[in-house]
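Every number here is computed from the coordinates shown, using simple stated rules; none is lab data. Remember, it's a predicted structure, so these values are computed and weren't measured experimentally. Cβ sites come from the backbone with ideal geometry, for glycine too, and all protein chains shown count toward neighbours.
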Amino acid sequence: MRFLKNKILLAEEARQRREQKSQSSSPSDRSLSLKISPETINLDQEIPHNNSTRRMKPSSPIHTTNNLNLTFTKPTKNIIINYGKALASFAASDLADPYIKREFGHEKVDVEKFKRYANEAKAKVAGYESFESLLAATNTDAPEMVLFKKMLRKLGEVFIKYFSVNWIIHGRVTHKLVYLKHRSIVLRRIQSL
């Protein structure tokens, strides 16, 4: 609708300019000028656009398309991978030490070995299945591995509840709002394992 209004406005301005030229040239030419009505405007005329009406182009690779052939990325594609790597980084950092001591201080835990496990886990996260396998204990796991997975799960809950907002807002995450909305989903997945 705005496009048509702009065309009508441009046509009216052109008509006024023609009338001013005809008035200045000779009085006899004024009687020959035609009045332009909205029905006689050429709608195929090109309208110059200013910079404020330009549309933004997507800056990321093509993942999905819609019927207008616009391309968008799927912002939820790597959420589990990014959360898993951030969780493992948190567990391997010194920030996790007070939580390890508080939750698992009564058990004999080799903290250095756990931090090596967390660093290795960071490289293994490639999707939900691998994320789940790092947190969920199985019957074939050694008792020490079961304890490490339990610790990683508990530290994952702490990370999601208290540290993930800071990681999202101040990190390199592109779709910050999407990651914030998925915090509760990731937390429920961790708690359900």
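How large is the charge dipole for the stretch 82-193, taken about the Cα centre, if only the Cβ atoms of Lys, Arg (+1) and Asp, Glu (-1) carry charge, to the nearest 20 debye?
440 debye
For a Förster distance of 35 Å, can you work out the FRET efficiency between the beta-carbons of residue 161 and residue 2, rounded to the nearest 0.05?
So, using R0 = 35 Å, E works out to roughly 0.15.
Could you work out how far apart the two model spin labels at residue 193 and residue 120 are, taking each label as a point 7 Å from the Cα in the direction of the beta carbon, and quote it in nm?
1.6 nm
Treat each spin label as a single point 7 Å out from the Cα along the C-beta direction, and report the residue 74 to residue 110 distance in nm.
Placing both labels 7 Å beyond Cα along the Cβ direction yields 4.1 nm.
Which of the trypsin sites (Lys or Arg not before Pro) found in the stretch 83-150 are loop residues per DSSP with 14 or fewer other Cβ atoms within 10 Å of their Cβ?
Loop-located and lightly packed - 108.
Please give the FRET efficiency for residue 95 paired with residue 169, using the beta carbon to beta carbon distance and R0 = 22 Å, rounded to the nearest 0.05.
Efficiency for this residue pair is about 0.85.
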